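Asks: Quick one: the structure is below, and I'll ask about it shortly.
Any read-out appearing in this document is the output of simple, stated calculations on the displayed coordinates, not a laboratory observation. Keep in mind that this is a model prediction, so the values were computed, not measured. Cβ coordinates were reconstructed from backbone atoms using ideal geometry, including for glycine residues, and neighbour counts include every protein chain displayed.
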Amino acid sequence: MSPARIRPPFVADERTQLVGWYDMQRAIIHYKCEGLSEVDAHRSVLPTSPLMTVAGVVSHLRWVEQTWFEVLFLGRPAEGPQFQEEPEDADMMVDGIPLSQLLADYERQCAISNEIIAAHSLDEVGRHPDFRSAEASLRWMVIHMVEETARHAGHLDTIRELLDGETGYY
């Protein structure tokens, strides 16, 4: 079962609205994966982007969550497939990893990100000394991740429709 897809209140403080929209986009990622077979979750439908699979997108989103909030914002070590020089897009290479595991890893990473967001001022800037992107405020990072997640939710809309005809936002 996917997390609830609930829009934030029309009138609320900035943090409530930002995290509300962010959590809604994350829930849409889960929704787009519901009822999908393992074969289809790993099936490439875009000839020029063979790694752009449902499973690959979920993995990518898990790793960008970790990158922006744990590495760039908190300054933790830059570890994970996204920091490998070769192969390119290693964070999307998920052959043999069940979609359920990828979704669970993504959900855990989102919970860590939400804890970080809740514990810091939106005006605070990142700490990693080796990446220029760490100069961004937490507010900028959250807004960027709303955009990143929504963009990939759109990719999943298209991939899912090409796989089995499933469409829908809610």
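Asks: Just wondering, is there one or more residues in the stretch 157-165 that are closer than 30 Å to V39 by Cβ, under 13 Å from the mean Cα position of the chain (by Cα) and not charged (D, E, K, R)?
Replies: Checking the stretch 157-165: not a single residue is closer than 30 Å to V39 by Cβ, under 13 Å from the mean Cα position of the chain (by Cα) and not charged (D, E, K, R).
Asks: Now a separate question. Would you be able to say whether some residue in the stretch 124-139 is crowded, with 19+ Cβ neighbours inside 10 Å and under 24 Å from G20 (Cβ atoms)?
Replies: Yes: one or more hits.
Asks: For E38, indicate whether it is under 25 Å from D157 (Cβ atoms) and either surrounded by fewer than 15 Cβ atoms within 10 Å (Cβ to Cβ) or among the hydroxyl-bearing types (S, T, Y) (or both).
Replies: Considered against the rule, which asks whether it is under 25 Å from D157 (Cβ atoms) and either surrounded by fewer than 15 Cβ atoms within 10 Å (Cβ to Cβ) or among the hydroxyl-bearing types (S, T, Y) (or both), E38 comes out as yes.
Asks: Would you confirm, using the coordinates I've provided, whether D91 is surrounded by 15 or more Cβ atoms within 10 Å (Cβ to Cβ), among the charged types (D, E, K, R) and touching a Pro at 6+ places or on another chain (Cβ under 7 Å)?
Replies: Taking the combined requirement at face value, the residue satisfies it.
Asks: Then there's this: Run down I117, I97 and say which single residue is of a type in the set (A, V, I, L, M, F, W, C), farther than 27 Å from L51 by Cβ and surrounded by 13 or more Cβ atoms within 10 Å (Cβ to Cβ).
Replies: None of the other options fit; the residue is I117.
Asks: Continuing with this model, one more query. What pairs come out if I take residues in the stretch 61-77 that are closer than 12 Å to I112 by Cα and without any contact (Cβ under 8 Å) to a residue 60 or more places away in the chain and pair them with residues that are among the acidic types (D, E) and surrounded by fewer than 20 Cβ atoms within 10 Å (Cβ to Cβ) whose C-beta lies under 9 Å away, six or more apart or interchain?
Replies: R62/D105; R62/E107; Q66/E79
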